Structures are given as C-alpha cells and as structure tokens.
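**Student:** So that we are looking at the same thing, I have put the structure below in structure tokens.
The values are calculated or read from the model by the stated rules, or taken from the named source; none is laboratory data. Computed from a predicted structure; not experimentally measured. No Cβ is skipped: glycine too gets one built from the backbone with ideal geometry, and neighbour counts run over all protein chains shown. Accessible surface areas use protein heavy atoms only, side chains included; no ligands, DNA or RNA. Shrake-Rupley method; radii C 1.70, N 1.55, O 1.52, S 1.80 Å.
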Amino acid sequence: MAFNGTWKVDRNDNYEKFMEQMGINMVKRKLASHDNLKITLEQTGDEFHVKEVSTFRSLEINFTLGVSFEYSQADGTELTGSWVMEGDMLKGTFTRKDNGKSLITTRKIIGEELVQTYTYEGVEAKRIFKKA
C-alpha cells in the first residue's frame, strides 16, 4: 500500500516529446506540461481507487489488478488495458482504441517520490510526484 496518498506533480522529464509522439497538438502539450496534476491513490488489496485532479479536469477511476478497463486521457485519447504489480512497481499496459498502438505506464515509489513513466512508440517520459 506504498502508493496510498495524494501526490502532486513536481517535475517532468521528456514529457512534451512523449506527448508529441502521442499526436497531441502543441497547444495541448504546452497546457499539459503545466497542469498541476494531483493524483490520489487508495489501494485495498488488488483494488485501486484513483482520483486525478488537474487544471483541466477531475476524474475518478476504480480498477482491479489484472482486470481490463477503459480509460480516456485528458486529450480525449481512449485506451483499454489493465494494471498489474511487478514486484514493487505498478505496470499498466494499454492499447489505443484509435490506432491499436501500445502505451506502457509504470508507477514506482523511489525515495519520497512517485515516479510515473510512460513509454509510447520508443519515446519514454517521466512525471515525478511528491506527497501533497
């Protein structure tokens, strides 16, 4: 349950390049880079409740590890996939509904930070969160 808590984005690494690879236009990329995202994670066994609040939207998601679900990103990209635990890392494997391409997202606690990594079409980016 190390992920439990509220996390506020602190910094990004290669995030704009990742969004460009995802096909997100320049205006949306600039806005998303400064979205003040806060993620609240609550884990109970294999079940997660996630609340995302940013400058642009609020979203709540419930999922069970290993069970596929649908998700829509802030830019409207629709995905289907699931999260699993790999050791102490949460790994999400998602498929874009529009083009069938794969997006991998991982969440890992490193020190006092939550590091969220995205990989899409060979481009990797990180968003680093601190406890809010």
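**Student:** What whole-number distance in Å separates the alpha-carbon centres of segment 9-55 and segment 58-117?
**Tutor:** 11
**Student:** Which order, highest average first, do 7-18, 67-78 follow once you tally other Cβ atoms within 10 Å for each residue and take the mean per peptide?
**Tutor:** 7-18, 67-78
**Student:** Considering Cα pairs under 8 angstrom that are at least six residues apart, work out the relative contact order of the chain and quote it in whole percent.
**Tutor:** Relative contact order, the chain: 26 percent.
**Student:** Give me the 1.4 Å probe accessible area per residue for the chain, excluding ligands and nucleic acids, in Å².
**Tutor:** Counting only protein heavy atoms, the per-residue value for the chain is 54 Å².
**Student:** Working out 0.36 nm times the residue gap between residue 27 and residue 101, then minus their Cα-Cα distance, what length gain in nm do you get to one decimal?
**Tutor:** Taking 0.36 nm per residue and subtracting the Cα distance, the gain is 24.3 nm.
**Student:** Which order do the peptides 33-41, 98-106 come out in when sorted by mean C-beta neighbours inside 10 angstrom, highest first?
**Tutor:** Order by mean packing, descending: 33-41, 98-106.
**Student:** Among the listed pairs 51/108; 28/108; 8/108; 38/97; 97/130; 30/130, which have their C-alpha atoms separated by more than 23 angstrom in this model?
**Tutor:** Violating the 23 Å Cα-Cα cut-off are 28/108; 38/97; 97/130.
**Student:** Also: Give the whole-number value, in cubic angstrom per residue, of the convex hull volume spanned by the C-alpha atoms of segment 4-132.
**Tutor:** It is 101 Å³ per residue.
**Student:** With a point put 7 Å past each Cα toward its Cβ, work out how far residue 8 is from residue 124 in nm, to one decimal.
**Tutor:** In this crude label model, residue 8 to residue 124 measures out at 2.9 nm.
**Student:** Now a separate question. Measure off, as a whole percent, the carbon and sulfur share of the 1.4 Å-probe accessible area of the chain, all protein chains present.
**Tutor:** C and S atoms contribute 48 percent here.
**Student:** Return the calculated 222 nm mean residue ellipticity for the chain, to the nearest 500 deg cm²/dmol, obtained by summing -39500 (n - 2.57) across DSSP H runs with n ≥ 4 and dividing by the residue count.
**Tutor:** Computed mean residue ellipticity for the chain: -2500 deg cm²/dmol.
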